[in-house]
Each structure stands twice: as C-alpha cells, then as structure tokens.
Amino acid sequence: MSKKTKNSNRLKDRAQEVQNDELTEALSSEQSASNRGVTKKTLAFMLSFAWREKRSLYLLYLIRFIGSALGQLKILLLPKLLVDELMAVIGGESADQHLRRIIVFAAITVVAELLSNVLINIADSKRNVYSQIFNTRFSEMLSAKSMGMEFAYTENPKVLDKQNEAKEGISWYSGGLVSILDCLYQVIFNLLLMTVSVGVIAVYCPLLLPVQIVLMLLVCYFKYRNQLINTEFFLKLAKGNRIFGYVLYELAEFCYGKDIRMYDSGDMMCNKGEKLGKMQVGLWADQAHRQLKNDFGSDLANALRDGVSYLYMGLRVLWGKITVGEFTLSVSAASALYQSLMGIGQNLQQVGEKCNYAYRFLEFLDYPDSAVHGDKPVTGTEHVIEFRDVSFKYPRAEEYTLRHVNITIRPNEHLSIVGLNGAGKTTFIKLLCRLYDVTEGAILVDGVDIREYSEEEYRKLFSVVFQDFAIFAFSLRENIEMGNVEFEKDDADKRDARIRETLSLSGLKEDAEKLPNGLDTTLYKSFDEKGTEPSGGQRQKTAISRALYRNAPVVILDEPTAALDPVAEYDIYRKFDTLVGQKSAIYISHRLSSCKFCDRIAVFSEGTIKEYGTHDELVGISDGIYAEMFHAQAQYYVG
C-alpha cells in the first residue's frame, strides 16, 4: 500500500471517527459539569478575561468594598456608641456631657451613609456598563465559534441544543462575567465581615457562635439541594427554550408573514407556542414543587436562629453581663455574622452554580471546529477534480445519499449535473466544497485528498451560488464583497469597478444604479427604514454577482436561475461562457436547455451517476433518463 493511500485511509478513518463519535460523546457535558474542576476552570477564564479586557473592573470592586465597609461601620459600631450615650443620660448623667458626642456620632452616621451609597452607586453603574461590554464580547465569540464550526454540526439537533445551552448559560442563567465575579466578591467581603462579627460575639456573647454556625450549615444544606435541582432543570429547559423561542419569536419576524397569512396559520402557530409554553411552565412548576420543602426547612432554621439568639442576648442583659449598647452591638454582630455566613454559603453555591452554567459556553468554545485540519497549500490555477468511489450518508442517517460516485472534472471543463429531486446533486456539491466529509472513498484535487489541504486555502477554489443562498441585511456592496480579503488591499475605485462589472454580467447593473445610495444601499428594511426590498430575481442576481466577484478558479451554480424570469434566464445562458470564463464550472439545473452550454452532463439517479456524456450523446439514448427528462420538458415549448 502506498504512503498516499495510507494517509488517505487515515484521514478517512479520523473524519468518520469525529463525525460519528464526537457528535454523540464530546459534547456530553453532564459528566464534566459535575467535575470539581468546572468552577476552577470557569473562574480562571472569567478572571483572566476581565483582566485582559477591562482590568479597571477590579478597581471598581475596591471602590465598592470601601463603600460597603463604611455601611457596615454605620450598622455595627455607631448604634452601639449612640445607645451608650443615651443610656448614660437616661441613667441620670448630665445631658450636656453627652450631647456633643451624640451630635458627632450622628454626623458620622450621616457621612458614612452618604459616602457608602455614593461609592457603591459609582461602582455599580460602571459595573453595569462593563457587564454589557462583556456580554457583547461573549455573543461575538459565540457567533464566531458557530460560524467556524464544521457545517455538519450546524444541522445536528444535539449541537444546536448545546449551542443554546452555551448562549443561555453565559447570559440568562449565569448572569455573565460580572454576575459571577459579583458572587466571588461577596464571598471575600463576607469572609472579612464574618471575622469582625466573630470577634465581637466572642467578646460579648460567645455561646452564640455555635448556634449561628450550626443553623447556617443547615440552611446551606437546603440551599445546596435547591442548587442541584436548578442544574437538573437547566438541562431540561435548554432544548425547550430553543424551540419555544423559535415558535413565538422567530416566527413573528416579517419574513414569514406572507406564508403565515396566506395559509391562515397564525392560530396554529400560536397554539403550538401555547403548547410549548405549557410544557415549559410545567417544568418550572415541577422545579418549584420539588424545591418547596427545602425552602420550608431553610425558613424553619432561620426562625430558630432568631429565637435562640434574641433569648440568649436578652438574658445576658438581664443578668448584667452586657450593657444595652453592647446588646445592640451584639444584635448587629449576630445579624452580620448570620448574613456573612449565609452570604458565604449562598455565594459559594452561586459561584458553583453560575460557573456550571457558564461552563457550557467554555465547552462550546472548545468543541472541535472541523473533522480534520490539513495544512497543505493549494497551488496552481488549473485543477483536476476527481471523485473516487465516493459514498456518503448524513450523520444519524441510515441510508446512503450517494453511492459509488466516480467522476473526473478536467481544468476549464463545464459540467452540468441533472437529476430528479433527492438524487444527490446538492449533496455532491456539499462534499466537493467540504461542508461534509465523505463516508467512503475520497475526493482528490490534483491527485491529493482534499482533507490534506488547508481548509481555508481549499475553499478559496470555489465561487458558489447555493440553491438556498443567503442575502443579508447589509449594503449591496457588502453582500457582494462578503469581506473578500483578496481584494481588500485594492483601492475603493478598483473594487467598485469590479463590483459593477459583476453586476453587469449578472444583469443587476440597471437595478443597482436606481438605488438611492447606489452600492451602499441597505438591502431589506430590518435595520434601515430607507433600505430596499429586493425581489426574488434581484436576490438571485446578487448571489451570482457575489460568486463572480470572488473570481475563484471553480464556479458552482446550484439552480442559479430558479427565481429569474425567462428573459433574464436566457440572458444568463447567453452569457454563460462570459460568466464563467476559462474556469471549471459545475452547473446544477432542472431546466435541461441549460445543459447545451456545458461540455459534459452527469445524470444523477438513485444516489449515483447513471449517465454521463454530452447533450447529443445522452439525448440520443432512446430509453435513457436524460432523454426522457429532456423530451418531457421540450414538449411544452414545441407546438
């Protein structure tokens, strides 16, 4: 066996392994999410990301810490000082002696309250801005990851569910980076507050400490059980949320309006949304019901804590062990201790819970972009394309879409592909563009398995107009250029000249010249009320212009005239040689008259190539598939 054949088999086996195993196993996050390293890994990412993007966020937390410390000073110490002064007056001492101190303490209280609120408000307002910045960055990262993933994954429901978990986990459920760091900040602040509170209680009411700690641990236990329930239902709700959002939000977009109105399906859509909504509400109700007993246990522990604490401190006053001012300080310290202990417990749990949700985002970012990354450069301007015994079935499908396809496309050859719907024509194009990898066999370009090429370099070989092409709510210029880096270094006039040339070839030039802002006119009115709504034919011509602008050595046109009127279609056919020039071209069409413009015709049927030859050769086969299709269409044009 040759080295090239071994390498090809290795690539094939690796690609099959990724498609069949990675899709079902690599995204299994339940096991990794329960790992203790999840919180550590997520926190490390969040802390480093914040330091890299907006390190001044840490200064805001310092400002907030100072403000919160002033607030606690007002709560803990100042009431005790004021009560001591008042009790001295009530005890018979001269009011004049203590009035000045009362005024000073009251003034300190006002200043501490004011400064505390001002510092906290400053920090919080800035943190809210930073939160939006981080959320935007995460959305950009999620979008970039989604666009860079292997195309097969974009049609896989499991991957789509995981994508939705990542989107909701990093935003709605976790609250984002700032929300996670807020919980971490609260843990640190409450640790310091706990230390101060323990010191006060140890001096005045030492037996209060074990009561507070035991009951706090009991409350934390109930909270922890609720956290586990939250995580369980997060996984159940993620898929439902995606479907629910599609039915009630995406279908409300105007682009679906014609079909929904013409088929009077509004009630059906709403009923479907209502059904899904009830399913979601049922899950939420089940979640709330299961958490109810934990909430009751937590409330009972809190009630016991308050009762025991106030009884013990009250008795200490009656026994003369502490003064009324010290009682006030002890009450404040006990409250602060409980709040700090609860804050530590709750926020530690929330850090874990939020990191668990946000970890879905990190998992999605770590998911492999494509099956196999080659690194070979593509050289030359003319290429030989060969399908060598290629068979293919879609992931999770049982039947093969293509079987034993063998064909060679020579440099500058124009190939027409015809066949009935479902024959495998578009799948053939997806494999050639490496949107999917073959299941069996190999696709070679210049004798090299395409999986060995650099993915980015390989796809530069093709200018494609897909059957289900996309036109975006950008300007006409942007829709044609599509960020084509090959021409970005050219000056604006040169790029505009190239765009106008492609518009002329596609037949869109006259329509483009009538646009209010020329090439900079926005298509659709989704984001620009002055935008234009292109017709179906104009959209198709725009897609053809985009493919021509790229100027790749291989042009692929999948039903490029489906939305065009007969005159525009004939104009495309008439200029076919000019459109593709001295390039290799693959042309898919149900209109067999277009086949006359091509050198060879491949007839697909039952997932393979049944006939192959020129138009004259195939039409001359009396019982052939192509001849039958051609004569069936011709009868409508011949009197």
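The values are calculated or read from the model by the stated rules, or taken from the named source; none is laboratory data. Please read all numbers here as calculations on a predicted model, not as lab measurements. Backbone-built Cβ (ideal geometry, glycine too); neighbour counts: all protein chains shown.
A compact table of results
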| read-out | value |
| --- | --- |
| Count - residues of the stretch 117-153 that are in contact with a Leu (Cβ under 6 Å, 6 or more places away or on another chain) and of a type in the set (F, W, Y) | 3 |
| Sole residue being touching a Ser or Thr at 6+ places or on another chain (Cβ under 7 Å), charged (D, E, K, R) and in a helix (DSSP H, G or I), chosen from K126, K74 | K74 |
| Y357 hydroxyl-bearing (S, T, Y) and crowded, with 19+ Cβ neighbours inside 10 Å | yes |
| Lone qualifier among R388, R360 - being touching a Lys or Arg at 6+ places or on another chain (Cβ under 9 Å) and either not assigned by TED's automatic domain parsing to the domain that holds D437 or not in a helix (DSSP H, G or I) (or both) | R360 |
| Criterion: free of Cβ contacts under 8 Å to residues at least 40 places away in the same chain, among the small types (G, A, S) and more than 30 Å from L209 (Cα to Cα) - qualifying residue of A358, A423, A397 | A397 |
| Boolean, S29 is surrounded by 19 or more Cβ atoms within 10 Å (Cβ to Cβ), among the hydroxyl-bearing types (S, T, Y) and at pLDDT below 50 | yes |
| Residue match in the stretch 126-140 (condition: of a type in the set (S, T, Y) and either at pLDDT below 90 or closer than 21 Å to P368 by Cα (or both)) | yes |
| Check on R477, under 27 Å from K596 (Cα atoms) and among the charged types (D, E, K, R) | no |
| All positions within the stretch 291-326 that are surrounded by 15 or more Cβ atoms within 10 Å (Cβ to Cβ), of a type in the set (K, R) and at pLDDT 80 or above | R316 |
| Meets criteria (at pLDDT 80 or above and in a helix (DSSP H, G or I)) for L62 | yes |
| Residue list for the stretch 575-601, restricted to those being modelled with pLDDT under 80, outside any helix (DSSP H, G or I) and charged (D, E, K, R) | K575, R591 |
| Residue match in the stretch 519-536 (condition: under 25 Å from C595 (Cβ atoms) and modelled with pLDDT under 85) | yes |
| Residues (of a type outside the set (K, R) and either crowded, with 16+ Cβ neighbours inside 10 Å or not in a helix (DSSP H, G or I) (or both)) located in the stretch 212-227 | Q212, L215, M216, L218, V219, C220, F222, Y224, N226, Q227 |
| Residue satisfying condition, being of a type in the set (V, I, T), closer than 20 Å to G148 by Cα and not in a strand (DSSP E or B), within set I471, I499, I544 | I471 |
| Residue match in the stretch 179-197 (condition: among the acidic types (D, E), in a helix (DSSP H, G or I), modelled with pLDDT of 70 or more and in the same structural domain as L77 (by TED's automatic domain parsing)) | yes |
| Given (1) exposed (fewer than 14 other Cβ atoms within 10 Å of the Cβ); (2) under 30 Å from C433 (Cβ atoms), index of the condition N164 fails | (1) |
| Any hit, the stretch 443-454, residues being modelled with pLDDT of 90 or more, over 21 Å from G613 (Cα atoms) and loosely packed, with under 14 Cβ neighbours inside 10 Å | yes |
| Any chance I429 is surrounded by 20 or more Cβ atoms within 10 Å (Cβ to Cβ), more than 27 Å from S143 (Cα to Cα) and modelled with pLDDT of 90 or more | no |
| Residue tally, condition more than 30 Å from E232 (Cβ to Cβ), among the hydroxyl-bearing types (S, T, Y) and surrounded by 14 or more Cβ atoms within 10 Å (Cβ to Cβ), over the stretch 34-57 | 0 |
| Flag for P395 being surrounded by fewer than 20 Cβ atoms within 10 Å (Cβ to Cβ), under 30 Å from G441 (Cβ atoms) and either aliphatic (A, V, I, L, M) or at pLDDT 85 or above (or both) | no |
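Yes or no, residue by residue, for (1) in contact (Cβ under 8 Å) with a residue 12 or more places away in the chain; (2) touching a Phe, Trp or Tyr at 6+ places or on another chain (Cβ under 7 Å); (3) closer than 30 Å to F233 by Cβ; (4) not charged (D, E, K, R):
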{"position": "V331", "(1), (2), (3), (4)": "yes, no, no, yes"}
{"position": "Q339", "(1), (2), (3), (4)": "yes, no, yes, yes"}
{"position": "G345", "(1), (2), (3), (4)": "yes, no, yes, yes"}
{"position": "E353", "(1), (2), (3), (4)": "yes, no, yes, no"}
{"position": "E363", "(1), (2), (3), (4)": "yes, no, yes, no"}
{"position": "P377", "(1), (2), (3), (4)": "yes, no, no, yes"}
{"position": "G380", "(1), (2), (3), (4)": "yes, no, no, yes"}
{"position": "I385", "(1), (2), (3), (4)": "yes, no, no, yes"}
{"position": "D389", "(1), (2), (3), (4)": "yes, no, no, no"}
